[in-house]
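Have a look at the structure below before the remarks.
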Amino acid sequence: MDWIRQTWICSVLEAELSRNVTSVSVKYVAYEVITVTSVLGAAVIGAGILGSRHARVYTELDGTRLLAVVDINPDRAKAVAEKHGVPWFTDYEEMLAALGSELHVVSVATPDFAHFGPTRACLEAGVDVLVEKPLTTDVAEARKLVALARERQRVLHVNYSLRWLPEHRRVQELLQSGELGKPTFIESHRWDAAWVPQRMISWAPQTSPIYFMSSHDIDLITYWLNDRVESVSAMAHYGVLSPTLGGQKVVDGLVALLRMKGGTVVNLHSSWILPETFGAAADTYMELLGSKGAIWLYGNRRELKLYTPDRAESVVYGGPVVATEVQGRLTGSFVESLRSFLAACRARDLEAPASAARTVHVVEVQQAICEAAESGGIVRLS
């Protein structure tokens, strides 16, 4: 791969000089190199549950090669890296320096409050980045990353993998077709079991279910409606999780009322205190009511019910979900999200639907929900 890359750069310089052009910008050369390179070198920062999944997908997809794994926990970094036969690091700056021009793409799968540092470093190093949702937990940081990506002409995507579920695509089709009429009300619920903040992650006090879980719901609603949130009111509950986590202040859940600029009213509920007897780590439920029809969407059952003046139908979706192993390889919406990111990298599409520039509004809404829950007032977004 290095020989191919260096030979091609020389040919670019020769071609430009033959036209009496005295200089070729480094940005232009780097852009074209990534376009013609058949295999993209990849690394993963954050070797937890999702980071491990990113690493595996990079080894299984055609056209990508996993080069390194980074985690501040050396045992975790080593375990994932050795599984795939690649080097491991505990410092992402060291990884970027070591890999240099071999590295084209990075997945950032650190805890949500720790996305900014590694994402900024990768963009500054000239690498395209896929960040786990949400982009950040701070609006100012999110905007800085989008501005930096534009300045450096880098692809920056957020891994909103649920967009690629077939039932969610069907909802988008129905809304766009006008069959439901004008969207009026949306009811959205997302629950996690209490063992998720208590045992699965160690950083629950540093986040909130509105960031950790409901990023997906806010993204789906704004994406489906192609609309922005105008105002937010919210209430939060505390006291269930805190005694189980050493008395630290932890949000049990939130309920938010959102008004979209187009007039749709959204009731959003997000909590992570389900008892273990629930039998699943998470579940979701949505209702979408339009002026001509309605949709009921049951998450774990993967059932979509449609009601219009002419018909009623119910469809249960089978096949891979987010990341299902089929014949030794992962498949599902998670993999499709990574494919979309890699396609944008190869096409140099900086404004694809999953680009961070199009999803900063999710962070704006999340921050507004937290502010409204804290103040008890209404937060208006520009």
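The values are calculated or read from the model by the stated rules, or taken from the named source; none is laboratory data. A quick note: this is a predicted structure, and the numbers were derived from the prediction, not measured. FYI the Cβ positions are ideal-geometry reconstructions off the backbone, even for glycines, and counts take in every protein chain you see.
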Worksheet item: Restricting the search to the range 54-93, which residues are assigned to a helix (DSSP H, G or I) and of a type in the set (Ser, Thr, Tyr)?
Response: 58, 59, 92
Discussion item. Take residues that are surrounded by fewer than 17 Cβ atoms within 10 Å (Cβ to Cβ) and in contact with a strand residue (DSSP E or B) (Cβ under 9 Å, 6 or more places away or on another chain) and tell me which of the strands (runs of 3 or more DSSP E) falling wholly in the range 285-365 contain 2 or more.
Written reply: 294-298, 303-307, 312-316, 324-326
Worksheet item: Taking residue 103, is it buried (at least 18 other Cβ atoms within 10 Å of the Cβ), farther than 29 Å from residue 143 by Cβ and either at pLDDT 95 or above or of a type outside the set (Lys, Arg) (or both)?
Response: no
Response to the item:
Filtering the range 193-243 down to residues that are closer than 17 Å to residue 272 by Cα, part of a loop (DSSP other than H, G, I, E, B) and out of contact with any Cys (no Cβ under 7 Å at 6 or more places or on another chain) yields 194, 201, 202, 203, 207, 213, 214, 239, 240, 241
Discussion item. Consider the range 270-294. How many of its residues are over 20 Å from residue 214 (Cβ atoms) and either in contact with a His (Cβ under 7 Å, 6 or more places away or on another chain) or among the hydrophobic types (A, V, I, L, M, F, W, C) (or both)?
Written reply: 1
Discussion item. Could you tell me how many of the residues in the range 205-234 are more than 22 Å from residue 354 (Cα to Cα) and without any contact (Cβ under 8 Å) to a residue 60 or more places away in the chain?
Written reply: 1
Worksheet item: Name the pairs: first residue in the range 235-255 and not assigned by TED's automatic domain parsing to the domain that holds residue 368 and of a type outside the set (D, E, K, R), second residue outside any helix (DSSP H, G or I) and at pLDDT below 95, Cβ to Cβ under 6 Å, at least 6 apart or on different chains?
Response: none
Worksheet item: Take the residues of the range 249-284 that are among the polar types (S, T, N, Q) and in a strand (DSSP E or B): which is surrounded by the most Cβ atoms within 10 Å (Cβ to Cβ)?
Response: 270
Discussion item. Considering only residues that are outside any helix (DSSP H, G or I) and of a type outside the set (A, V, I, L, M, F, W, C), which ones fall in the range 366-382?
Written reply: 376, 377, 380, 382
Response to the item:
Cβ pairs under 9 Å, 6+ apart or interchain, first in the range 172-191 and closer than 21 Å to residue 261 by Cβ, second among the basic types (Lys, Arg), ordered by first then second residue, are 172/163; 178/292; 180/292; 181/292; 182/292
Worksheet entry | So residue 329, is it in contact with a Phe, Trp or Tyr (Cβ under 8 Å, 6 or more places away or on another chain) and basic (Lys, Arg) | no
Item to complete: Please give the number of the condition residue 184 fails out of (1) over 26 Å from residue 298 (Cβ atoms); (2) surrounded by fewer than 17 Cβ atoms within 10 Å (Cβ to Cβ); (3) not charged (D, E, K, R).
Response: (1)
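In the list 170, 120, which residue meets the criterion of being surrounded by fewer than 20 Cβ atoms within 10 Å (Cβ to Cβ), touching a strand residue (DSSP E or B) at 6+ places or on another chain (Cβ under 7 Å) and either assigned to a helix (DSSP H, G or I) or at pLDDT 95 or above (or both)? First the steps, then the outcome.
Numbers: 120 fails: touching a strand residue (DSSP E or B) at 6+ places or on another chain (Cβ under 7 Å).
Answer to the check: 170.
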